[in-house]
Amino acid sequence: MIISMKLRSSKQEIEEVCQRIRDFGYKIHEIHGEERVVIAAVGVGDVTPCLDALEMMPQVDNAVRISAPYKFVSKEFRKEKTRIRVKGCEIGGDDFIMMAGPCSVESETQIMESAEAVASAGGKVLRGGAFKPRTSPYDFQGLELEGLKLLRKAGESTGLAVITEVMSDRDVELVAEYADILQIGARNMQNFALLKSLGKANRPVMLKRGLSSTIKELLMSAEYVVAHGNNDVMLCERGIRTFETITRNTCDIVAVPVLQEMTHLPVVLDPSHATGKRSLVPALTRAGVAIGADAVILETHPCPEKAWSDGAQSLTLGAFKTLMKELRPYIELWKERRYAESPVAV
Ligand code: PEP
Ligand code: MN
């Protein structure tokens, strides 16, 4: 059950409601938003008597039953899509959003050149890793603070929003100071300490699907962030591990509409990590737009063969520009469909 308290309820009124819920044998979790307090009640058994009792309490605005284990992120809790506003663009809104940039920030020239190419081709968000999760401890681990500074500079000079990965709960505040969106990598999708600390971050979060995670596990991880106070979460399908080895990962493309059915959170597709091969990225990007992803995130590099990480899957800046042109008719169809599906269009 999710119980929304009336605006400006007092501490005592909230406690009375919490006690009533506990009396029915449920565990409670309070979320203090800017304007109102929402209480999640979790437990087993028929919730009807408890719901009836709560609805009679004057300080309760409404109480709803949510059968899914992920509560706040479920469509049952909220039918309208979550729109995440960052630096003049909206993810989950009326426009398809392209995010692009290098896997890792390597130098000022590299990130500035990348940012200018993203902005001039119509991208809205610049990606670039400053803290890199690498399989080998001997591989490049990222420029860390220097990388964050360069990203911010590139974002400021082009007007692009910046997304970058945060790998540890200790770095959330630091990364949030420099970036507009916090990326949680596939390897950290179930780093619960990190997820909890993101609940307190004042930045939107993009949560990538774990290498071997189910869609339900992805939603449960998103629930951690929202339950701890941050509603601005988007989900990213970046391919999962299967027996197939031709591609780096297997893109579970149907996860995009599946997630759109299950949650109100925006859905992003990452064709670069899903394929691991530059030649396959344009086709999968077109598919991502066609299937209704709210955004796509791509790796690009001024000189992919010299990239310090993920060069094989990075598009050249020229190929990125061509792809952006090729996407135009797909984006037009995307908009028509979005408009047809939006409640105001009925
Ligand atoms: C990345 O975006 O560069 C990255 C490491 O992605 P993932 O966590 O999906 O592997
Ligand atoms: Mn990468």
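Between helix 145-158 and the chain, what is the angle of the helix's C-alpha long axis to the longest principal axis, kept within 0 to 90° and rounded to the nearest 10? That works out to roughly 80 degrees.
As a fraction of the 1.4 Å probe accessible area of the stretch 2-64, surface on carbon and sulfur atoms comes out at 51 percent.
How high is the relative contact order of the stretch 84-341, in percent, counting Cα pairs under 8 Å that sit 6 or more residues apart? Before the final figure, lay out each step's value.
On the way: 552 pairs, mean separation 47.7, N = 258.
Reported relative contact order: 19 percent.
Against the main long axis of the alpha-carbon atoms of the chain, helix 11-23 sits at an angle near 80°. Between helix 215-227 and the chain there is an angle of about 70 degrees, using the helix long axis and the longest principal axis of the Cα atoms. Distance between the 7 Å Cα→Cβ label points at VAL64 and ASP95: 2.9 nm.
Three principal axis extents of the chain based on alpha-carbon atoms, in descending order, are 65, 45, 42 Å. Between the C-alpha center of the stretch 1-41 and that of the stretch 237-292 there is a gap of 39 Å. Per residue, the chain exposes an accessible area of 46 Å² to a 1.4 Å probe, with every protein chain left in place. Under the combined filter of DSSP loop state and at most 10 neighbouring Cβ atoms within 10 Å, the stretch 1-90 retains none of its chymotrypsin sites (Phe, Trp or Tyr not before Pro).
The portion of the accessible surface of the stretch 156-294 made up by carbon and sulfur, rounded to a whole percent, is 52 (1.4 Å probe; DNA, RNA and ligands excluded).
Over the chain, dividing the summed -39,500 (n - 2.57) contributions of all DSSP H runs of at least 4 residues by the number of residues returns a 222 nm mean residue ellipticity of -10500 deg cm²/dmol. Here the extension length gained between GLU177 and MET56 equals 39.1 nm, from 0.36 nm per residue of separation less the Cα-Cα distance.
The values are calculated or read from the model by the stated rules, or taken from the named source; none is laboratory data. Owing to the predicted nature of the structure, the values given are computational and were not obtained by experimental measurement. In this analysis, Cβ positions are derived from the backbone assuming ideal geometry, glycine residues included, and neighbour counts consider all displayed protein chains. In case anyone asks, the SASA skips ligands and DNA or RNA and just uses the protein heavy atoms, side chains included. Shrake-Rupley method; radii C 1.70, N 1.55, O 1.52, S 1.80 Å.
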